[in-house]
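Each remark here refers to the structure printed beneath this line.
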Amino acid sequence: MDKDLIKSNEKLYTVREAARICGIGRSTLLRMEEAGIVTPRLVNQNTGFRYYDVANIHAIMLYEMLQNIGMKKDEIKTYFQGELKEDFIDVLRERVTIAQRCLDEFEARFSRRESTSFSYVNRPAVDCYCFQCNIPNPKDQIEYNYKEIQRIYSEGYRPYPSTPMFSVTPDPYSVFDGNMPDPFRQMICISVYPDPAPDPSKIIHFERKRGFSMLYHGNRTDMMQNGGAMLWDEMQKLGIKPMGPLFGIAIIGPFFDINIDSDDYVFR
C-alpha cells in the first residue's frame, strides 16, 4: 500500500472487511465496482489488493437503500456514474409515490371498516394492454376481467407490478353525476412490460400524471355505483374541475381476486 496516497489517520478496509461491514458478499462488492457504483479508495499496483474507505462503505449503503425502495440497478447507476440529474429524481419520486400509495391502500383494507379519504397523488407512467368492458353488473364485470387477464398472460404478456390493473372512464362527468353510463363504458388496462410484447400495437402508454384521488374501503357495489359522485362532491367543495378521464385503481385481495368478500374491497 502506498502510504503517501492516504492520510495518516485514515482507516482503509480490505474487500473482505468492507463486505462484512456492509453485510454483502465479496463477489457482490466486486460486481458493484465493475458496474461503477463504488470505486476503491486505493488499489495496490503491485498486488492488486483493493482498499475501501468510509465514503465507499456509505456509497454501498446508499445503493442498498435505493434498491430496497424498488429502484433498479441501471436507474441507480445513473447517479453513481455522473451528476445528480432530474431524471434520477423523477424515478426516485415515482418509487416513493408507489410505496406510499400501497401503504395507504393496504392500511385502508387492514382497518376492517368502511373508510374514505381524499388526497393528491401521482399516477406513475405505465404501459398497458387495454380492452373494453361494457358490463354494468359489478360481479359479472370482475369475472369477465379475470378471464381476460388470464388470456393476456397466456399470450405471453408479462405483468408490471407498480399498477397491476386500472380502468379508464372516457367521460368523467357520466360517472361524477352519479349516473352510470348505459352501457357502462370503460377501458380496462393491464400493466405489462412493453418489451418484449407479443403484439406492441396493442400496448398503450400512459404518461405520469398528478390528480385528485379518493381512497375507499367498503362495499364493491356501493363504490362502483356511487364512488364517482362521492369524488365529484368533494371536488366541488374544493373548486376542482376534471381535466381528463377518470381512472379507477382497484386493490382487490393481493391485487385481483374474484373470491374476496364484497364488503372488503379497496378502490382508488
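Results, tabulated for the structure shown:
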{"read-out": "Breaking point among (1) out of contact with any Pro (no Cβ under 6 Å at 6 or more places or on another chain); (2) at pLDDT 85 or above, for Asp127", "value": "(1)"}
{"read-out": "Index of the failed condition, Arg112 passing every other in (1) surrounded by 13 or more Cβ atoms within 10 Å (Cβ to Cβ); (2) outside any strand (DSSP E or B); (3) of a type outside the set (A, V, I, L, M, F, W, C)", "value": "(1)"}
{"read-out": "Any chance His217 is in contact with a Lys or Arg (Cβ under 9 Å, 6 or more places away or on another chain) and either modelled with pLDDT of 80 or more or crowded, with 20+ Cβ neighbours inside 10 Å (or both)", "value": "yes"}
{"read-out": "Hits in region 125-140 (condition: farther than 30 Å from Asp87 by Cβ and either part of a strand (DSSP E or B) or touching a strand residue (DSSP E or B) at 6+ places or on another chain (Cβ under 6 Å) (or both))", "value": "Phe131, Gln132, Cys133"}
{"read-out": "Some residue of region 2-21 being surrounded by 14 or more Cβ atoms within 10 Å (Cβ to Cβ) and under 28 Å from the mean Cα position of the chain (by Cα)", "value": "no"}
{"read-out": "Selection from region 38-85 of residues that are over 32 Å from the mean Cα position of the chain (by Cα) and either among the aromatic types (Phe, Trp, Tyr) or in a loop (DSSP other than H, G, I, E, B) (or both)", "value": "Pro40, Arg41, Asn44, Gln45, Asn46, Thr47, Gly48, Phe49, Tyr51, Tyr52, Asp53"}
{"read-out": "Every pair of residues 6+ apart whose Cβ atoms lie under 7 Å, when the first sits in region 93-113 and is in the same structural domain as Ser213 (by TED's automatic domain parsing) while the second is modelled with pLDDT of 80 or more and polar (S, T, N, Q)", "value": "Ala108/Ser115"}
{"read-out": "Residue within region 35-44 that is buried (at least 18 other Cβ atoms within 10 Å of the Cβ) and within 15 Å of Tyr79 (Cβ to Cβ) present", "value": "yes"}
{"read-out": "In region 25-37, the residues that are within 15 Å of Thr14 (Cβ to Cβ) and assigned to a loop (DSSP other than H, G, I, E, B)", "value": "Gly25"}
{"read-out": "Criterion violated by Val192 - all others in (1) of a type outside the set (D, E, K, R); (2) touching a helix residue (DSSP H, G or I) at 6+ places or on another chain (Cβ under 7 Å); (3) crowded, with 20+ Cβ neighbours inside 10 Å satisfied", "value": "(2)"}
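The values are calculated or read from the model by the stated rules, or taken from the named source; none is laboratory data. Keep in mind it's a predicted model, so treat the numbers as computed, not measured. Positions of Cβ are backbone-derived with ideal geometry, glycine not excepted, and every protein chain shown enters the neighbour counts.
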